[in-house]
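To start, the structure under review is shown below, and the notes come after it.
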Amino acid sequence: MHTYRMSIRIAADGFSLSVDSPPGTAQPLQHEEKRVAEPTLLPRELHLALTRPRIMDYRYASVEIVADTPATFLPLEDFRTGEVAAVYRLCFPRTEAKADEIHYEILSALEMVVLFSADAHCVQTVRRLYPEATLRSLQGLILEESNEAMRHTKGSARHLFVEVGRERMAICQLGKQKPHFACSYEATHDADRLYYILSVWKALSLDAARDVCHLRGASVELWEKLACYIHEIVES
């Protein structure tokens, strides 16, 4: 029997659920997104989605919970487990996350640590059904994917990676060995997204004619506006 991978991406206003297709198939076997207006209903809606017959009928090699929440980054050498909650709250003073909802993820290949939060009720909802489910940060996944992409690049051009989401965006610039820059921003409008991308581009002294912007999740309008300032933009 074929086994699948399930990824459950959880944000403050809803979730998405994706089941990978068998090898050689381009589209996911199943994908759905659910917006939830009332945050307290999110665990219930998530449980309903996970207990539908089609989802329960598959056999999973892995189940991944991906937290789409504000994140911050630390060099591995500066990381102390006892300071995780304090550092996270310092970076995000308006967070309502409790101490047991603040997590860290070590990215060994990048010598970095991602600090992020995840709703405890949603995590428990998934793990009641799939006890071995792993908890990841969306920002950590983006960094790892960007790092993997960098392994296949050639030439001297520098590369900026941008992931655009509904409520926030992640931007990182990686060298061959480790990140030079990584940050996430709250941004719900293209005007703000354009501002952040161009601000980072300028701050890092990237070359508009030679360096490359990898863009994922952007609207056509944002892509076109960005193309007025950066010569080479590619789909990430």
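Of Lys98, Lys154, Lys34, the residue with the largest accessible area leads and the full order is Lys154, Lys98, Lys34 (1.4 Å probe). Between Lys34 and Ser156, the FRET efficiency estimated from the beta carbon spacing at R0 = 35 angstrom works out to 0.20. Amide H contacts of Arg136: Ile65, Val66, Ala67, each under 5 Å away and 5 or more positions distant or on a separate chain (H built 1.01 Å from N in the peptide plane; Pro and chain starts excluded). Using the Cβ-Cβ distance between Thr81 and Ser108 with R0 = 22 Å, the FRET efficiency computed as 1/(1 + (r/R0)^6) comes to roughly 0.90. In terms of Cα atoms, the Rg and Dmax of the chain work out to 18.5, 52 Å. Largest accessible area first, the residues Glu101, Glu132 order themselves as Glu132, Glu101 under a 1.4 Å probe with ligands, DNA and RNA left out.
Subtracting the Cα-Cα distance of Ser62 and Arg210 from their residue separation scaled by 0.36 nm leaves 49.3 nm.
Backbone phi angles across the range 66-83, fed through the Karplus curve with coefficients 6.51, -1.76 and 1.60 (θ = phi - 60°), yield HN-Hα couplings of 10, 8, 9, 10, x, 9, 10, 10, 9, x, 4, 5, 9, 7, 10, 4, x, 10 Hz in residue order; Gly and Pro are listed as x. In the chain, Cα pairs under 8 Å separated by at least six residues give a relative contact order of 15 percent. Taking the chain as the region of interest, the number of lysine pairs whose Cα atoms are within less than 28 Å, with members eight or more places apart or on different chains, is 8.
The values are calculated or read from the model by the stated rules, or taken from the named source; none is laboratory data. All values derive from a computational prediction rather than experimental measurement. Here the Cβ is made from the backbone with ideal geometry for all residues, glycine too, and neighbour counts use every protein chain on show. With ligands, DNA and RNA removed, areas are computed over all heavy atoms of the protein, side chains included. Shrake-Rupley method; radii C 1.70, N 1.55, O 1.52, S 1.80 Å.
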